[in-house]
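Contents: one structure, followed by commentary.
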Amino acid sequence: PVKLRDAIDKGVVYLKGLQQPDGSFQLPPNNESLETNFPLGYSALATLTLLKCGVKADDPIIDRAFTHLY
């Protein structure tokens, strides 16, 4: 369905916009959340989400993410 693909595409754009220059992903502003205690997990989840949404493994954003996670 077109609406589903549009929603996924918007989510991919949003997640890509959260990536920091070091390859990590910007954390939510709530400092008491699990994400702030496990920032690599947050970046790993964002990376997996991008891959599952169709971003290719050789995309530079995935490369930066893997470099950060490694």
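The values are calculated or read from the model by the stated rules, or taken from the named source; none is laboratory data. Note that the coordinates shown come from a computational prediction; the quantities given were computed from them, not determined experimentally. Here Cβ is always computed from backbone atoms with ideal geometry, including for glycine, and neighbour counts include all displayed protein chains. Each accessible area value is taken on the protein alone, full model and side chains, heavy atoms only, with ligands, DNA and RNA left out. Shrake-Rupley method; radii C 1.70, N 1.55, O 1.52, S 1.80 Å.
Treating only the Cα positions of the chain as identical point scatterers, give the base-10 log of I(q)/I(0) from the Debye formula at each q in 0.12, 0.25, 0.27 Å⁻¹. Summing over Cα pairs of the chain leads to -0.32, -1.11, -1.22.
Can you give me the accessible area per residue for the chain, using a 1.4 Å probe, in Å²? Could you put the intermediate results ahead of the total?
On the way: 5100 Å² over 70 residues.
Using a 1.4 Å probe on heavy atoms only, each residue of the chain averages 73 Å².
If I take R0 = 35 Å and measure r between the Cβ atoms of residue 10 and residue 70 in this structure, what FRET efficiency does the formula 1/(1 + (r/R0)^6) give, to the nearest 0.05? Please report the intermediate quantities before stating the final value.
Details: r = 29 Å, r/R0 = 0.82.
Using R0 = 35 Å, I get an efficiency of 0.75.
Under the simplified labelling scheme, the residue 26-residue 53 pair shows an inter-label distance of 1.5 nm, with each label point 7 Å from Cα along Cα→Cβ.
What ranking, highest mean first, results for peptides 14-20, 45-51, 57-63, 2-8 when packing means the other Cβ atoms within 10 Å averaged over each residue? Numbers along the way, then the final one.
Details: 14-20: 14.0, 45-51: 16.9, 57-63: 12.3, 2-8: 9.6.
Packing order, densest peptide first, comes out as 45-51, 14-20, 57-63, 2-8.
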